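These notes concern the structure reproduced below.
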Amino acid sequence: MPEYRRKTLKQPSYFLNLDSGSIFKEIPCMPRLFFIPLLCLLLTNPENQTKKNICSCGYQGAFLKMAPQTPFVALIKVTNHLTFKDIYGEKTPMSMEVEVIEKYKGSEERKTVTVWGDPGNLCRPYLSQFTEGQYYVIAFNNAGRGKDETTTDYSISICGCYWLQADHEKQTATGDISIGELFAKQTMDLSQIKLELKKTDGTTLP
């Protein structure tokens, strides 16, 4: 099986196939990889050289498979990036504020929540790929593992398809919605995605 490693932190993200040397550009759902060891980052960043918890996971499935396993799913708008860290000379967002446009699952009642990305050793995306002012459907996990995070904040996993790019005007979302293949790209009405989630989780709103 080809091994993939995070090659650069520039936006948009790219990944290097270590077997063939080919580079894959980021596509809407998530970083495209089968296996995610962040050894490059950890070995070159002095802050992380003493950390033993290296992120590694496989692509575990499409959005409609992964989303029911999370506590909170919503259509959101990225309002702004909040905190930053200098990585390889680049100002990289560590957290962002999102506006909850419509809740699809969960008990969250706040209109805005804070979301944390990858600090260098967790299985999370770099938040630089979430553009301010853009809409996404995201299946959130609880945060609290990183510095400055609280348990009322949220995070996003990269161990499967946990987010979709959304077109608020057309009321559609695009990504690996149900196929479960790494490079799958589907488009579905937001109403249909909400209906599919309702079938798999009793806490989803009617």
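The values are calculated or read from the model by the stated rules, or taken from the named source; none is laboratory data. It should be emphasised that the depicted structure is a prediction, and the values quoted were computed from it without experimental measurement. In this analysis, Cβ positions are derived from the backbone assuming ideal geometry, glycine residues included, and neighbour counts consider all displayed protein chains.
Between Asp118, Asp148, Asp153, which is of a type outside the set (A, V, I, L, M) and on the phi > 0 side of the Ramachandran plot? Walk me through it before giving the result.
Numbers: Asp118 fails: on the phi > 0 side of the Ramachandran plot; Asp153 fails: on the phi > 0 side of the Ramachandran plot.
Only one candidate passes the filter, namely Asp148.
Residue check, Lys103 against (1) outside any strand (DSSP E or B); (2) of a type in the set (D, E, K, R); (3) touching a residue at least 24 places away in the same chain (Cβ under 8 Å), all met but one. Which one?
(1)
Tell me which residues, restricted to the stretch 126-151, are among the hydroxyl-bearing types (Ser, Thr, Tyr), more than 10 Å from the chain's Cα centre (by Cα) and part of a loop (DSSP other than H, G, I, E, B).
Matches in the stretch 126-151: Thr131, Thr150, Thr151.
Taking Phe140 as the residue in question, decide whether it is at pLDDT below 95 and either aromatic (Phe, Trp, Tyr) or touching a helix residue (DSSP H, G or I) at 6+ places or on another chain (Cβ under 9 Å) (or both). I'd like the intermediate steps shown before the answer.
Details: at pLDDT below 95: no; either aromatic (Phe, Trp, Tyr) or touching a helix residue (DSSP H, G or I) at 6+ places or on another chain (Cβ under 9 Å) (or both): yes.
Here the answer is no, as Phe140 does not meet what is asked.
Within the set of pairs 6+ apart or on separate chains, which have a first residue in the stretch 188-200 that is small (Gly, Ala, Ser), a second that is not in a helix (DSSP H, G or I), and C-beta atoms under 8 Å apart?
Every condition considered, the pairs that remain are Ser191/Gln171.
Give the residue that is farthest from the chain's Cα centre (by Cα), with candidates limited to residues of the stretch 81-125 that are among the hydroxyl-bearing types (Ser, Thr, Tyr) and farther than 25 Å from Leu190 by Cα.
Keep residues of the stretch 81-125 that are among the hydroxyl-bearing types (Ser, Thr, Tyr), which gives 83, 88, 92, 95, 104, 107, 112, 114.
Remaining after also requiring farther than 25 Å from Leu190 by Cα: 83, 88, 92, 95.
Details: Thr83: 17, Tyr88: 21, Thr92: 15, Ser95: 12 Å.
Of everything passing the filter in the stretch 81-125, Tyr88 is farthest from the chain's Cα centre (by Cα).
Residue-wise test of (1) within 21 Å of Glu99 (Cα to Cα); (2) surrounded by 21 or more Cβ atoms within 10 Å (Cβ to Cβ).
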{"site": "Arg110", "(1), (2)": "yes, no"}
{"site": "Gly146", "(1), (2)": "no, no"}
{"site": "Gly160", "(1), (2)": "no, yes"}
{"site": "Gln165", "(1), (2)": "yes, no"}
{"site": "Lys170", "(1), (2)": "yes, no"}
{"site": "Ala184", "(1), (2)": "no, no"}
{"site": "Gln192", "(1), (2)": "no, no"}
